[in-house]
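*Asks:* Can you read through this structure? Questions will come right after.
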Amino acid sequence: MNRALNQLILLGFICQSLSWDGYLLFFVNLGIWWGCLTIAKRKPILLPPIAEVVLLLTGCGIGILIGQLPDQSSHFFIGHGMTLFLAGRLLRAMDQREQLFGMIAAIVQIGVACTVVLDYRFIPILIITSVLIPRTLMELESDHFPATSYSTWPRLKFSRMLAIIVIMCGFFAVFPRGLLSSAFPRLRPAGPDHGTLLDSVLDPSRGGTAGSGRIIMQIKGENLRYMRSFALTTLDGVKWLPDAMPGKNFNNFVSPEERVNYPRRQVRVKEVRSIGKFLPTDGRIVAIEGKFFSGPRRTFHEYIECQAVWTTANSVYEYWLEPEPEPHGLGRRYGQALRNYPPQSQALVEWLDKELTGIEEPLEQARHLEKFFIDNFTYELGAPALNRVKPIDDFIFNDRRGHCERYAAAMGLLLRMKGIPSRVMVGYVPGKASWFSDWRNIRARDAHAWTEAYFPKLGWVQLDATPRAELDLSTSALRELIDALDVAWYVNIVNFDTTAQRGFFTNGVQAFMTTAGWAKANASWISALVVCLALVLVWRSHRRGWAESR
């Protein structure tokens with residue numbers, strides 16, 4: 001286990017596990033590596049070539065099966081095959097050719113992982129790889145030439161190390177990531193029906209599942225509200241269905257010069273596949289810019305649906321909002337469609353009339369129902385499934401617990417039963433701002449569903465009946481620090497595009513001019529300091545010479 005080659009193979013196993021959304025594969029690969037080396041130390045096992053081939057194919061098959069799970073990918077199935085193949089060879093001592101192959105396979109696994117590890121985890125991978133590869137090469141040379149000795153840590157002179165760092169930083173500054181990989185944006189299309197927030201239906205009878213902690217996007221802006229992704233407007237009796245009305249081709253309503261007067265949002269999408277063809281927004285848009293989508297359409301429900309979305313090195317969009325939008329009318333036909341609902345049980349009708357007795361104003365009725373759910377129900381993921389025929393009755397009369405879908409669906413139906421146009425919105429709730437900037441992380445677990453009701457004088461009013469007080473919103477300082485580092489890394493490193501490059505050099509020139517002005521104003525003090533430093537260096541040089549002459 002102390003051999004550098006074994007450690008490099010372990011790093012390859014760990015990098016391969018990063019293709020899995022979660023930590024299960026990490027511990028599995030770690031256990032495989034430790035178990036194989038333990039067996040090799042006690043009683044080595046020499047597998048025949050056919051067994052190694054079987055391990056390789058088995059690992060590839062497992063990788064393909066992993067890709068069938070929700071939010072997983074089968075693109076890394078060969079790496080899973082290489083993991084089992086190398087595990088078979090770790091059961092015994094390898095010859096030099098096999099050791100070279102193992103080193104190359106581990107490097108390939110590390111390299112492939114670095115194409116998907118865009119956050120700060122890349123830093124320790126880079127550091128450890130930079131140490132283990134030279135150690136492994138020297139170790140293999142020592143095995144081949146026993147007289148050769150090598151140090152545990154590869155030694156580089158400080159001047160050479162500094163030169164390498166300067167060259168790396170200079171290359172990064174001159175050739176930003178956007179220039180290197182954005183020329184082929186359409187080679188990685190983002191499917192709208194794989195791993196996206198959009199289900200074909202919103203079914204309130206389901207138990208609901210917890211979203212993962214992976215970051216979907218990051219957003220920057222003031223007074224952020226709920227981010228709309230799409231609307232559900234039709235209830236077939238059990239399930240809510242997406243609005244089938246197509247949006248209108250969107251043309252920016254304000255020129256770039258006028259946008260300074262409108263609230264601005266900047267969004268960096270880390271997982272384009274997760275948002276599908278929808279660009280989450282939090283208001284009525286007057287302008288939108290971005291280079292990873294085409295054919296944006298603004299729907300009646302004030303969200304953006306695109307004809308095509310693809311993954312680029314910098315999947316960024318920004319939009320501007322109307323500060324105080326005037327309410328739009330629904331129209332007779334569409335207003336009626338947003339009031340339609342299938343026949344409900346007499347028990348539900350009587351309960352609703354009794355609950356709203358004495359409340360005649362529609363907005364007050366809506367607020368009363370919202371408060372009723374918050375005060376009398378419990379938020380719970382994985383709650384038992386409701387009755388498939390009458391899920392709302394079962395929810396209100398019997399099992400008063402569940403996830404946000406249940407509350408949004410029930411609230412929308414009850415509003416329609418009182419003649420109030422309603423819709424169910426699905427999107428995200430932005431988290432807190434980062435420690436180091438105004439950027440906010442939006443994770444998969446921040447996905448949310450809520451209800452909106454229409455009132456002629458007010459327009460659409462947001463109603464969130466989910467009992468938020470029951471949610472565990474606590475977080476640790478360490479978790480917030482890691483989130484802040486992730487935001488800083490993604491904003492300044494991963495998304496260092498041509499725009500960021502220009503800003504970097506502009507700020508650099510401004511800093512240089514400011515420093516030059518300060519130096520000119522304090523020339524006498526600086527000159528005196530330089531003379532003192534020169535005298536100290538001369539004195540030390542002469543003192544060293546005197547000591548050597550003795």
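The values are calculated or read from the model by the stated rules, or taken from the named source; none is laboratory data. Being a predicted model, the structure only gives us computed values, none of them experimental. Neighbour counts run over all protein chains shown; Cβ positions are idealised from the backbone, glycine included. Remember, those area values only see protein heavy atoms, side chains included, never the ligands or the DNA or RNA. Shrake-Rupley method; radii C 1.70, N 1.55, O 1.52, S 1.80 Å.
*Asks:* Taking residue 239 as the anchor, which lysines have their alpha carbon closer than 19 Å to its alpha carbon, excluding any fewer than eight residues away along the same chain?
*Replies:* Excluding near neighbours in sequence, the set is 390.
*Asks:* Grab the Cα-Cα distance for residue 432 and residue 372, subtract it from 0.36 nm times how many residues apart they are, and report the gain in nm with one decimal.
*Replies:* Between residue 432 and residue 372, full extension yields an extra 18.8 nm.
*Asks:* I want to check the label-to-label distance for residue 336 and residue 214. Put each point 7 Å from Cα in the C-beta direction and report it in nm to one decimal.
*Replies:* Modelled inter-label distance: 4.5 nm.
*Asks:* Can I ask one more? Given H placed 1.01 Å from N in the peptide plane, which residues other than close sequence neighbours of residue 463 have an amide H under 5 Å from its amide H?
*Replies:* Under 5 Å from the amide H of residue 463: 451, 452, 453.
*Asks:* Right, something else. Reachable lysines from residue 248, Cα under 18 Å, same-chain residues fewer than 8 places away excluded?
*Replies:* Partners found: 277.
*Asks:* While we're on this one: Roughly how many percent of the accessible protein surface of the stretch 254-344 is carbon and sulfur, given a 1.4 Å probe and a whole-percent answer?
*Replies:* Percent of accessible area from carbon and sulfur atoms in the stretch 254-344: 45.
*Asks:* Determine which lysines satisfy two conditions relative to residue 270: a Cα distance under 24 Å, and not lying fewer than 8 residues away in the same chain.
*Replies:* 220, 291, 432
*Asks:* Same structure again: If amide hydrogens are placed 1.01 Å from N in the peptide plane, which non-local residues have theirs closer than 5 Å to the one on residue 230?
*Replies:* Result for residue 230 returns 426.
*Asks:* Here's a follow-up. Compute the length gained on full extension between residue 455 and residue 123: take 0.36 nm times their separation in residues and subtract their Cα-Cα distance, giving the result in nm to one decimal.
*Replies:* Value of the extension gain: 114.3 nm.
*Asks:* For residue 286, what residues show an amide H to amide H distance below 5 Å, using hydrogens built from the backbone and excluding near sequence neighbours?
*Replies:* 320, 321, 322
*Asks:* Show me, for the stretch 235-240, the HN-Hα J-couplings you get by feeding each phi into the Karplus relation (A = 6.51, B = -1.76, C = 1.60, θ = phi - 60°), rounded to Hz, glycine and proline as x.
*Replies:* Karplus values, whole Hz, x for Gly and Pro: 10, 8, x, 10, 10, 8.
*Asks:* What nm value, rounded to one decimal, do you get for the distance between residue 24 and residue 541 when each label is placed 7 Å out toward the C-beta?
*Replies:* About 6.8 nm, to one decimal.
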